[in-house]
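What follows is a short report on a single structure.
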Amino acid sequence: TLDPNSPCYGEYSFLYVFLKEQAETSTENLRIIVTDTVKRICALPQVMRINPKVASNFLLAYVHLLNSLSSLFGPLGTQQLCEVIHNLQQFYFWPKPMGNYVEDLLVRMEKEVMFPMCSLWESFQLEAKSARSREKSGKFAELESIVYHIMDEECPTAKAFRHICEIKKDDKKYAHRLRYKTSEISTRALALLILHTINRDIEVTRKDVDNFLNLGEDHVRKISEEILKFGRDMYKKALGTFEEEETSGDVKDKHGSTKNIPKLITPQQGATLRLKLYQKIKSSWSKLSQQDSNTSVKRFFPDTDELYDIVDNKMMLSLSALCHKALKKPLTYEFLTEEQRKFSMELEVLPPQTEFFNSLQGIITGHTKETGKEDKTVLRLMLSGGDEVMHSFLCAYVMLKESDKTDLMKKVDIKIYVTSVKAENSIACFVARHDSWYYRNIYTPLSNDLFLLPWVRLHGNAGSGMRGMESQLHGTRMKEYYLGLLENYIRHANCTLKINVWNAKLYVSKPDWDHKADSKDALKRTTVVGETSSAINAEPTHVIPFFHRLELGYAAELARYMSLEGVSYKPNCDPDSRGALEMKKLEEKFIREKKFQPVEVQIRIARVGLGGKVIDVIHEQKYIAFHTLALSNVPSTADNKSFPPNPEDPWLEMYARTASSSSAKKSLLDKEPHQHVCRLELRVKNDDQFSVLVDGVLFPKMPKSSKSKTPTLGYRTIVIERLVEKDTDIPFIFPVQTFYPITI
């Protein structure tokens with residue numbers, strides 16, 4: 001359906017937005033798209049024999065397209081939906097995750113057959129759980145669901161993205177003045193849903209609309225509950241799982257007792273019952289409107305002609321657009337001093353406080369002020385930027401959970417989405433490698449030169465049905481295309497990548513080393529598999545969480561040297577850029593002047609087997625000097641010499657390159673530099689100091705007066721271990737939403 005004679009690069013990424021727009025335009029377009037997609041799915045078994053990987057990716061893409069359009073299936077006929085179900089049943093037996101996605105789509109379509117508009121109702125119910133915009137005084141407009149974009153204040157590409165998509169800065173007006181509770185659909189939305197649902201099967205006249213507008217809010221909610229209950233019962237009756245007093249007959253079992261057999265109904269019988277119910281509901285409007293004339297829902301619709309047009313033209317209903325707000329902050333870090341901890345009554349050392357901490361705390365407090373005990377507000381956060389933004393947010397996220405004394409975080413369900421916006425984002429790269437829909441529709445358009453100018457033009461030789469669609473050139477509508485892709489990501493990325501978070505405990509001093517830890521480990525592993533003892537148990541100076549990579553040695557000291565020279569260390573930047581050339585000159589100077597002197601350290605690591613349990617503890621008795629010591633949790637281009645890590649594995653991939661010294665020649669790490677580790681303890685020999693790169697961020701931070709060339713305070717000891725939830729042994733997880741489940 002695209003012009004094959006014109007060049008196409010990233011334009012295919014915007015095809016989904018184009019198809020969704022066409023489907024929302026008319027029911028005929030929706031029928032064409034569904035029919036054509038099902039035909040393509042039915043041709044996949046032949047592709048499966050030639051290239052299974054391509055066939056599985058195509059199946060996931062087509063099924064995801066149908067799933068994302070399922071809220072529009074209401075106007076489609078029962079016959080077409082039944083044909084789709086019949087054609088897709090064969091793919092139910094395909095292996096995971098294809099079969100699971102087909103099963104979910106089949107269930108949606110079966111519900112849609114028995115209760116048209118079912119998917120639309122469910123989408124509104126899910127949307128009602130999210131944080132919503134503040135209600136304007138005196139107005140009853142539909143409330144919008146909010147998405148907060150976490151951005152670097154100084155990033156030029158983030159600024160360009162904000163400008164193109166017209167994302168406004170957060171106004172700090174949160175939802176504590178809403179008239180609706182969490183998970184409660186607004187009265188205006190319920191009224192529109194009821195009219196659209198009934199108008200699909202029986203004609204609703206303008207007089208019926210006038211009677212409906214005079215109903216009270218309570219009656220509107222009762223009608224909606226009655227319709228939803230009817231829909232649930234119809235689906236249960238179709239499956240034979242509905243329990244009722246009326247049965248198809250009494251049947252005696254082998255013991256002679258009588259048991260009831262529930263009735264099974266067909267889609268045709270369900271349609272008959274549905275028509276009776278809708279006719280009954282519509283006929284009751286005139287009677288109920290006379291009782292509730294003082295509390296009518298008419299105030300939600302100041303323009304009645306809007307409803308007349310919807311009923312007369314049978315326009316399709318869809319969710320309202322998302323409200324995008326930006327939290328743009330400088331990426332600064334501030335550690336609490338011992339006096340500040342005592343003042344705030346914090347017993348443990350917390351991660352560094354970033355600019356995002358106070359903003360997120362205010363947002364969560366505002367949106368959960370009136371949340372019930374069992375209800376959770378879904379808070380959607382879009383992390384737009386590189387690894388520095390991700391790490392700054394992670395510190396705020398961990399600190400929010402660690403310092404939560406009022407159970408504030410238990411009232412909110414945080415959904416985290418990741419976009420790179422042409423920045424080096426290791427999480428986005430990892431997801432793009434394993435999630436084809438994310439790669440095509442999120443990563444590609446947002447990682448190229450900002451920004452692509454999308455266009456979609458139908459080819460003249462397209463099918464007869466496709467020729468009926470709009471064939472003009474779609475171009476320069478940047479905002480609609482990008483926000484359409486983000487909306488698809490936010491509303492339809494239902495899988496979660498559970499990234500393990502690790503903790504780096506850093507010491508300015510040299511705490512005592514427990515020399516009996518090794519003997520304790522040997523005793524423990526004879527009784528409990530995986531248990532280890534710690535050689536360092538003192539309270540750290542700083543605690544820094546990370547989920548990507550921690551590095552000591554050459555790269556960290558080079559980054560420290562460049563910071564003193566006023567240059568940011570970014571190893572993965574464009575090699576032709578001005579910053580890369582400046583970095584290259586400084587690195588040559590760094591090597592020429594021999595600024596890097598490897599520090600001799602004592603090291604102890606807990607090695608892990610593929611089962612995730614500790615198999616032994618390696619304690620190098622002699623001091624070793626390392627050129628590079630890197631621990632990775634997420635794959636990166638810098639990890640070309642280590643095993644590719646998996647962020648869901650309970651271990652880190654360690655790569656150790658020893659310096660050229662006699663003490664390292666007999667070291668195990670010199671012979672086997674690649675290790676799976678779950679704990680590392682390291683201490684310098686003398687009074688030497690070292691710096692660390694944590695997720696690309698240098699610690700300790702340079703002083704604000706960067707013109708001073710005097711070296712800053714470094715660390716002498718570090719302990720790396722897996723971070724756990726406060727007061728529990730549950731691993732701390734950083735959840736990232738994806739379209740498809742990621743398995744390695």
Problem set entry | Filter result for the condition that a residue is in contact (Cβ under 8 Å) with a residue 40 or more places away in the chain and not acidic (Asp, Glu), over Gln597, Gln675, Gln621 | Gln675
For this session: Select from region 75-122 the residues that are among the basic types (Lys, Arg) and within 16 Å of Lys236 (Cα to Cα) and list them in ascending order.
Result: Arg108, Lys111
Exercise. Residues of region 392-424 being under 19 Å from Ile733 (Cβ atoms) and of a type outside the set (A, V, I, L, M, F, W, C), which ones?
Worked result: Ser392, Tyr397, Lys401, Glu402, Ser403, Asp404, Asp407, Lys410, Lys411, Asp413, Lys415, Tyr417
Exercise. Checking Leu60 against (1) touching a residue at least 60 places away in the same chain (Cβ under 8 Å); (2) in contact with a Lys or Arg (Cβ under 9 Å, 6 or more places away or on another chain), which test does it fail?
Worked result: (2)
Problem set entry | Positions within region 637-654 being touching a residue at least 60 places away in the same chain (Cβ under 8 Å), of a type outside the set (Asp, Glu) and open to solvent by 30 Å² or more (accessible area, probe 1.4 Å), in sequence order | Thr637, Ala638, Pro650
For this session: Return the total of residues in region 579-622 being assigned to a helix (DSSP H, G or I) and open to solvent by 30 Å² or more (accessible area, probe 1.4 Å).
Result: 10
Exercise. Is it the case that some residue within region 144-155 is touching a strand residue (DSSP E or B) at 6+ places or on another chain (Cβ under 7 Å), modelled with pLDDT under 80 and not small (Gly, Ala, Ser)?
Worked result: no
For this session: Would you confirm whether any residue within region 74-97 is surrounded by fewer than 14 Cβ atoms within 10 Å (Cβ to Cβ) and closer than 20 Å to Thr738 by Cβ?
Result: yes
Exercise. Hey, among the residues in region 719-735 that are touching a Pro at 6+ places or on another chain (Cβ under 9 Å) and assigned to a strand (DSSP E or B), which one's surrounded by the most Cβ atoms within 10 Å (Cβ to Cβ)?
Worked result: Val719
Problem set entry | Residue that is nearest to Thr182 (Cα to Cα), among those in region 401-415 that are acidic (Asp, Glu) and surrounded by 14 or more Cβ atoms within 10 Å (Cβ to Cβ) | Asp413
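The values are calculated or read from the model by the stated rules, or taken from the named source; none is laboratory data. The shown structure was predicted, so the numbers you read here are calculated from the model rather than taken from an experiment. Counting neighbours? That spans all protein chains shown, and the Cβs are built from the backbone with ideal geometry, glycine included. Ligands, DNA and RNA are stripped out before the accessible areas are found, and what is left, the full protein with its side chains, is counted by its heavy atoms. Shrake-Rupley method; radii C 1.70, N 1.55, O 1.52, S 1.80 Å.
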